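The values are calculated or read from the model by the stated rules, or taken from the named source; none is laboratory data. Computed from a prediction, not measured in an experiment: that's the story for all the values here. Reconstructed Cβ throughout: ideal geometry from the backbone, glycine too, with neighbour counts over all protein chains shown. When the accessible area is computed, the model is the full protein with side chains, heavy atoms only, and any ligands, DNA or RNA have been set aside. Shrake-Rupley method; radii C 1.70, N 1.55, O 1.52, S 1.80 Å.
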Amino acid sequence: MISIENISKWYGDFQVLTDCTTHVGKGEVVVVCGPSGSGKSTLIKCVNGLEPVQQGRILVEDADVTAKGTNLTRLRSRIGMVFQHFELYPHMSVRENLCLGQQKVLVRSRDEANAKAEALISRVGLLPHIEKFPGQLSGGQQQRVAISRALAMDPIAMLFDEPTSALDPEMINEVLDVMVELAQDGMTMMVVTHEMGFARKVADRVVFMDAGRVVEDRATEEFFGNPESERAQDFLSKILNH
Amino acid sequence: MNYNWNWGVLFEGEYLGWLISGVGWTFAVALAAWVLALAVGVLVGVGRTLPSKPVATLCTAYVELFRNVPLLVQLFLWYFVMPEIVPDDLGRWMKRDMPNPEYVTAVIGLGLYTASRVAEQVRAGINAVGPGLTSAAYANGFSTAQTYRYVLLPISFRLIVPPMTSEFLTIFKNSSLALTIGLLELTAQSQQIAEYTFQGFEAFTAATVIYVVIALGATVIAQTLEKYTRIPGYVGKD
């Protein structure tokens, strides 16, 4: 489904990604982790072309994200993305946040978009808040709305860029629960996160990055049970034993 | 001070008529120039934020050119120099046949100058919305045009209501410069009343009061607009 092949990326003279390769199969959940500054957020933003890469290529189904002339707008409408800081449209109600893309990009009718929005927002338990504005909701609620907004586009895959990093601790679970449910429903997911509990529970594979390189890319049990690299062992010992 | 006060002069038929006519022209210049400034300013301001380098450069050049030449000089350039450097036929038409040349020139000069200032406010507003929301809109499948239309502009326009109010007030006050190219707007009419009646204090007091009333009225309208378009829970107080 998503195939990242030997990509490298520079900001000016600074190389942020070096020869990264990984893939996400259909229905697979892949967690990307690593210390801050390791390039994991940059990597996930390359998947839907929000960040350009200078070398290598990325395929999503059969579309080449990195090729010139690819219709990125169309491609992005088929991949959902959830951000660290939610990025809901602040001037629109929850309902409008969910409907805008459906109506303007997928050209659905207002009724159809509304029905979809209500169904999705009920699933995350926020139907009573559907007419509220993002600024009137808690962080956890906003992130659940953001996930619903992405799902409203009927995506073939979902990208999560540290979806719980900006949340208060007591709100992390309400967001993770939604993501676990999504994974169990068979959604193809690529998730940048530090939530190792989530990774253990639903990830098929874990990609560990350090200094812009993919250091490990292994099945979840193998990664947690027996990480190969010293760097990953060190990382795990720090975040698991506290 | 030996001065013969006579406030009544302001209410004598002829002079009252001049004042009213002056207010009319002040509104006519300021409002028409404002429409031009908004149209050009929004285009140029958006242009400066677009990914396309040539467009951004062109729009930056516009802002720097119109913002850095004094407005009075610009009005003189439009009025006295422009007709001489355009093709002969057009120049002759501008000097001889163009209807209301002082008015048209004042609107163009004031409008294009103010557009450069509006453009900077629009650019600042768009930049204030931040790269995160732009990414989110692109990730949602919107084209660049849709991202501006549905996300960046609606938010940034709300953010820039206060500085745009200042620009709107400034355009009224700047419209007084049109008297230098012969437009009989409020300041020019007050000056004329002063010359005819020797009641300069009264005439310019009237102009002062009228300018202040216009400005206060515009401020109240802007505050209402700001309140009405406020985004719940976003910026400012609830």
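Ranking of A:Glu118, A:Glu230, A:Glu162, A:Glu51 by solvent-accessible surface, largest first: A:Glu230, A:Glu118, A:Glu51, A:Glu162 (1.4 Å probe, protein heavy atoms only, all chains present).
Remark on A:Val215: its backbone amide H falls under 5 Å from those of A:Phe208, A:Met209, A:Asp210, a criterion applied only to residues 5 or more positions apart or on other chains, H modelled at 1.01 Å from N. Note on A:98-107: average number of Cβ atoms from other chains within 10 Å of each residue's Cβ is 3.
The calculated FRET efficiency for B:Ile20 paired with B:Glu195, based on their beta-carbon distance and R0 = 22 Å, is about 0.75.
Cα-based Rg of segment B:7-228 per 2.2 N^0.38 Å, rounded to two decimals? Here the answer is 1.21, to two decimals.
Approximating the spin labels as points 7 Å out from Cα along Cα→Cβ, the B:Lys53-to-B:Ala39 distance works out to 3.2 nm.
Accessible surface buried at the B:A interface totals approximately 1800 Å², computed with a 1.4 Å probe on protein heavy atoms. Near A:Arg231, once Lys and Arg are set to +1 and Asp and Glu to -1 for all other residues with Cβ below 9 Å from its Cβ, the sum equals -4. Spin-label model, B:Val86 to A:Ile239: label points 7 Å out along the Cα-to-beta-carbon direction sit 6.6 nm apart. Taking the inverse of the mean 1/r over every pair of distinct Cα atoms in chain A gives a Kirkwood hydrodynamic radius of 18.5 Å. Comparing A:Leu120, A:Val105, A:Ala166 along the charge dipole axis of chain A, the residue lying farthest to the positive side is A:Val105, per the Cβ-charge model. Look at the dipole of chain A built from charges on Cβ: of A:Gly27, A:Val191, A:Val65, the Cα furthest out on the positive end belongs to A:Val65. Evaluated at q = 0.09, 0.11, 0.14 Å⁻¹, a Debye calculation over the C-alpha positions of segment B:104-238 (equal weights, vacuum) places log10 I(q)/I(0) at -0.42, -0.58, -0.79. Considering only A:Arg74, A:Arg57, A:Arg95, the mean-square fluctuation computed in a Gaussian network model of chain A, springs between alpha carbons under 10 angstrom, is largest for A:Arg74. The simple spin-label model puts a point 7 Å past each Cα toward its Cβ; for B:Met98 and B:Thr170 those points are separated by 2.5 nm. Counting only alpha carbon atoms, the long axis of helix B:101-129 and the longest principal axis of chain B meet at about 30°. The angle between the Cα long axis of helix B:13-49 and the main principal axis of chain B comes to about 20°, on a 0 to 90 degree scale.
For chain B, with a Gaussian network of springs between Cα atoms less than 10 Å apart, report the residue from B:Gly132, B:Gly200, B:Gly91 with the top mean-square fluctuation. Judging by the Gaussian network model, the answer is B:Gly132.
Per residue, the convex hull around the alpha carbon atoms of the protein assembly as shown comes to 223 Å³.
Counting only Cβ charges, +1 for Lys and Arg and -1 for Asp and Glu, the dipole size of segment B:7-228 around its Cα centre is about 1020 debye.
Specify which residue in the list B:Val9, B:Leu75, B:Leu36 is farthest towards the positive end of the charge dipole of chain B, using unit charges on the beta carbon of Lys, Arg (+1) and Asp, Glu (-1), about the Cα centre. The residue sitting most towards the positive pole is B:Leu36. Among B:Ala139, B:Ala203, B:Ala106, the residue with the largest mean-square fluctuation in a Gaussian network model of chain B, with springs joining Cα atoms closer than 10 Å, is B:Ala139.
When +1 charges are put on Lys and Arg Cβ atoms and -1 charges on Asp and Glu Cβ atoms, the dipole computed for segment B:1-96 relative to its Cα centre reaches about 400 debye. Surface listing: B:Thr165, B:Thr224 arranged by accessible area from highest to lowest gives B:Thr224, B:Thr165, probe 1.4 Å. In a reduced charge model with +1 at each Lys and Arg Cβ and -1 at each Asp and Glu Cβ, chain A shows a dipole moment near 740 debye about its Cα centre. Cα centroid separation, segment B:1-60 to segment B:158-234: 8 Å.
For segment B:1-108, the normalised intensity computed at q = 0.14 Å⁻¹ comes to -0.81 (log10 of I(q)/I(0), Debye sum over alpha carbons, equal scatterers, no solvent). How much of the calculated P(r) for segment A:1-53 lies past 16 Å, in percent of all Cα pairs? Everything past 16 Å amounts to 40 percent. Compared with the dominant principal axis of the Cα atoms in chain A, helix A:169-184 is inclined by about 90°.
Taking amide H as placed 1.01 Å from N in the peptide plane, the amide H of A:Thr188 sits under 5 Å from that of A:Gly27, A:Met158, each at least 5 places away or on another chain. Report, to the nearest whole %, how much of the accessible area of the protein assembly as shown belongs to carbon and sulfur atoms, 1.4 Å probe, protein only. Roughly 57 percent of what the probe reaches on the protein assembly as shown is carbon or sulfur.
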